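A short write-up of the structure that comes next.
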Amino acid sequence: MSPQTVDVLGAPQDVATGLAAPVSLVVSGLRVQFGGFVAVSDASFDAHPGEVRFLIGPNGAGKTTCIDAITGLVRGTGSAKLGDDELLGRPVHRTARLGVGRTFQTASVFEEMSVLQNLDIAAGMNRRSAALLRPRRTVEPRIEAAAEQIGLAGSLEQRAGTLSHGQKQWLEIGMLLVQDARVLLLDEPVAGMSHDERTATGTLLQRIAEHRAVVVVEHDMDFMRRFATRVTVLHQGSVISEGSVAHVQADPRVQEVYLGSAATHGADPAEHEGATS
Amino acid sequence: MTGGLGVPSRRNALAGTGALALVLLVVAPLMLSDFRLALLGKFICFAIVAVGIGIAWGRGGMLTLGQGVFFGIGGYAMAMHLKLADAELNGGSGVPDFMLLYGDGTVPGWWEPFRSPLFTLLAVVALPALLATALGLAIFKRRIKGAYFAILSQAMVAAFVVLLVGQQQTTGGTNGLNGFRSFFGYSLSDPANRLTLYYLAAGILVAAVALSAALQRSRFGELLVATRDAEERVRFLGYDPALVKTVAFALAAALAGVAGALFVPIVGIISPADIGVVPSIVFIVGVAVGGRAGLFGPVLGAIGVAWAETSLSEAFPSFWSYFQGALLIAVIALLPGGAASLVDRLRERATSPRRGASSPPAAGAAGTPAPAAAASTPADRPAEEVHP
Ligand SMILES: Nc1ncnc2c1ncn2[C@@H]1O[C@H](COP(=O)(O)OP(=O)(O)OP(=O)(O)O)[C@@H](O)[C@H]1O
Ligand SMILES: [Mg+2]
């Protein structure tokens with residue numbers, strides 16, 4: 001293991017790479033209730049550095065709610081551990097500081113700001129307060145590197161609101177990279193993207209996953225087949241199947257759920273993509 | 001090029017600040033009578049408050065209707081010091097005149113520290129800032145915002161006035177504190193000293209604008225606008241929006257405190273009528289009219305509205321407050337970006353005559369998609385909050 005230091009905010013950093021040390025996310029027995037309605041009843045899954053974990057399930061299965069609970073947006077019971085740290089019960093910004101980053105089903109970049117400003121703000125939580133008081137004079141190397149990775153290096157000065165839909169999604173991923181997230185929770189990252197954009201995103205996610213745990217919520221089955229390392233299937237708030245792509249696809253319960261929803265949606269699971277958001 | 005988010009470029013900010021300094025420090029003293037200059041000095045105090053409101057409300061989205069409290073704390077702190085110092089002049093008793101008149105002739109313990117000039121100067125800045133920090137943490141941590149915050153801040157100013165009025169013997173009650181003769185040893189009846197005071201106030205205003213410009217360009221300034229526009233999103237990036245907002249609120253409070261402290265020797269009185277609910281709203285009117293998110297909008301708006309008030313209320317005393325109310329409503333409804341955005345719109349028209357001619361400014365979005373419409377009103381109008 002490489003030597004570690006602890007920065008001002010207590011997040012362990014890998015000295016050799018400058019990256020935060022990779023760590024796993026382990027969710028067990030997660031339960032979320034809205035009033036009397038149980039949105040997530042018993043969800044358990046994990047995500048490890050080096051794998052792209054897909055979380056799938058029909059509309060309303062509770063996928064987004066799981067992410068909301070892990071990131072502290074809604075209250076959940078059970079456990080969600082990042083390494084040794086319990087995440088549940090923490091305020092949103094503290095969870096983020098531990099290295100949990102997320103995107104949203106609807107792209108939510110700062111539209112009035114440039115790409116650079118978006119990335120710079122995302123990179124800011126590890127800055128000392130004194131650095132906040134000064135203007136940005138140069139583009140930090142890690143921001144440049146992230147912009148390069150998400151294909152926006154040439155558009156740093158562009159206003160984020162004018163980016164294409166796909167570029168906004170990439171910018172959000174880039175923000176998680178500079179934020180130094182150790183776990184990325186991505187809510188439908190390729191919704192509304194063209195086939196080529198999906199492929200680019202998938203490749204990007206695989207590269208990102210080398211040093212981080214990545215959880216992808218998606219409806220696009222084709223995308224899942226191409227890029228998932230492991231898959232967790234959620235239905236009505238609980239996990240009904242888990243394993244490799246081949247394994248979950250062969251699982252009769254999964255077929256039943258998807259055929260059931262296909263009947264109501266009039267679509268085959270593989271074509272379920274695009275039917276959302 | 002602008003720095004985005006409605007931030008003027010470094011060159012424009014410098015040029016504008018320079019022009020402001022030139023007008024206030026050189027032109028005005030040459031052109032205006034002593035009386036008018038003293039009046040301008042008073043407006044400058046309001047403008048310093050306005051710079052703070054521009055930061056808290058314009059950049060931070062906190063509609064603070066309670067700046068009178070901070071203005072009052074700065075003002076009363078200075079007034080207490082001046083009263084104590086005056087009472088010690090010429091081998092005096094050391095007890096302010098009104099206390100001999102209404103009170104028991106002794107100085108209350110909490111007045112004593114204000115005998116020290118240094119303590120007073122520190123208090124003028126620190127007391128408002130500390131109070132704002134405590135309030136800000138309590139309010140923003142509970143995620144109170146928008147209209148609720150505005151009402152809360154207004155209730156605070158109402159309570160402060162009640163407190164002051166109720167303590168006739170130690171605060172001067174409704175009369176407030178007045179009749180100051182000297183300012184840190186300099187006679188206030190000497191015109192040369194009064195001119196120096198004017199320069200002091202003008203200099204501090206220019207410095208406040210420079211500070212605001214630096215803040216707008218800083219990373220904190222960007223973070224503040226991001227927090228204004230999408231508080232929840234900022235949380236997920238690891239920031240605590242409550243802290244971000246509290247810093248801006250405290251800064252605005254400190255500026256109001258300094259303004260109040262300058263107001264006292266310049267105007268010669270501080271009383272509940274100067275800091276109550278109505279003056280607190282008038283602070284807002286000026287900022288709204290000038291344009292809250294810009295660098296110079298708050299300053300020009302505050303001075304302009306105060307100037308109009310003086311001229312118009314002399315001519316039509318009862319008419320002014322109605323006019324002011326109507327003005328605020330009109331600006332917020334029709335021109336949310338204030339006069340500053342009017343300038344931007346005109347400039348836009350000039351540079352793209354075809355677009356300007358084909359569509360009325362308010363309906364600029366008619367033929368264009370939403371992003372382009374949003375681009376025409378940079379950061380003047382807070383964007384819709386992002387809901388995850
Ligand atoms: N804040 C809330 N209050 C009440 N019910 C909610 C709330 N958020 C989500 N729900 C409900 O919880 C269930 C799970 O919703 P969730 O958004 O997690 O589904 P999802 O799996 O992300 O679906 P989709 O694929 O459509 O995004 C749904 O029935 C939804 O209506
Ligand atoms: Mg969802």
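The values are calculated or read from the model by the stated rules, or taken from the named source; none is laboratory data. In this text the structure is predicted, and so the values were computed from the model without any measurement. Note that each Cβ is placed from the backbone with ideal geometry, even for glycine, and that neighbours are counted across all protein chains shown. Just the protein is used for accessible areas: all its heavy atoms, side chains included, with ligands, DNA and RNA removed. Shrake-Rupley method; radii C 1.70, N 1.55, O 1.52, S 1.80 Å.
All told, A:G89 falls short of being within 16 Å of ligand 2 (Cβ to nearest atom), over 17 Å from the mean Cα position of the chain (by Cα) and part of a loop (DSSP other than H, G, I, E, B). Just one of the listed residues (B:A126, B:A132, B:A155) is out of contact with any His (no Cβ under 9 Å at 6 or more places or on another chain), of a type outside the set (S, T, N, Q) and open to solvent by 50 Å² or more (accessible area, probe 1.4 Å), namely B:A155.
Set side by side, the residues B:A253, B:A208, B:A248, B:A213 differ, and just one is closer than 24 Å to B:L63 by Cβ, in contact with a Lys or Arg (Cβ under 8 Å, 6 or more places away or on another chain) and among the hydrophobic types (A, V, I, L, M, F, W, C), which is B:A248. Just so you know, in the range A:99-134 the residues that are assigned to a loop (DSSP other than H, G, I, E, B), away from ligand 2 (no atom under 16 Å from the Cβ) and open to solvent by 40 Å² or more (accessible area, probe 1.4 Å) include one that is farthest from B:V225 (Cα to Cα), and it is A:R128. Among the candidates B:S311, B:S212, B:S271, B:S280, the residue that is surrounded by 24 or more Cβ atoms within 10 Å (Cβ to Cβ), more than 14 Å from chain A (Cβ to nearest Cβ), polar (S, T, N, Q) and at negative phi is uniquely B:S280.
Of all residues in the range B:217-233, those satisfying the criterion of being under 27 Å from the mean Cα position of the chain (by Cα) and more than 7 Å from chain A (Cβ to nearest Cβ) are B:G221, B:L224, B:V225, B:T227, B:R228, B:E231.
Residues in the range A:173-197 that are away from ligand 1 (no atom under 16 Å from the Cβ), more than 14 Å from every other protein chain (Cβ to nearest Cβ) and either open to solvent by less than 30 Å² (accessible area, probe 1.4 Å) or of a type in the set (A, V, I, L, M, F, W, C) (or both): A:M193 only. Here B:L205 qualifies as open to solvent by less than 60 Å² (accessible area, probe 1.4 Å), in contact with a helix residue (DSSP H, G or I) (Cβ under 8 Å, 6 or more places away or on another chain) and modelled with pLDDT of 95 or more. Looking only at residues that are more than 6 Å from ligand 1 (Cβ to nearest atom) and at pLDDT 95 or above in the range A:57-70, which one is most open to solvent (accessible area, probe 1.4 Å)? Looking at residues that are more than 6 Å from ligand 1 (Cβ to nearest atom) and at pLDDT 95 or above, I get A:D68.
In the range B:12-125, counting only helices (runs of 4 or more DSSP H) that sit wholly within it, none holds 3 or more residues that are among the polar types (S, T, N, Q). For A:L234, the stated conditions hold: it is within 16 Å of ligand 2 (Cβ to nearest atom), in contact with a Gly (Cβ under 6 Å, 6 or more places away or on another chain) and under 24 Å from A:G99 (Cβ atoms).
Here B:A207 qualifies as more than 9 Å from chain A (Cβ to nearest Cβ) and without any contact (Cβ under 8 Å) to a residue 40 or more places away in the chain.
Exactly one residue out of A:S108, A:S129, A:S114 is facing chain B (nearest Cβ under 8 Å), out of contact with any Gly (no Cβ under 7 Å at 6 or more places or on another chain) and polar (S, T, N, Q): that is A:S108.
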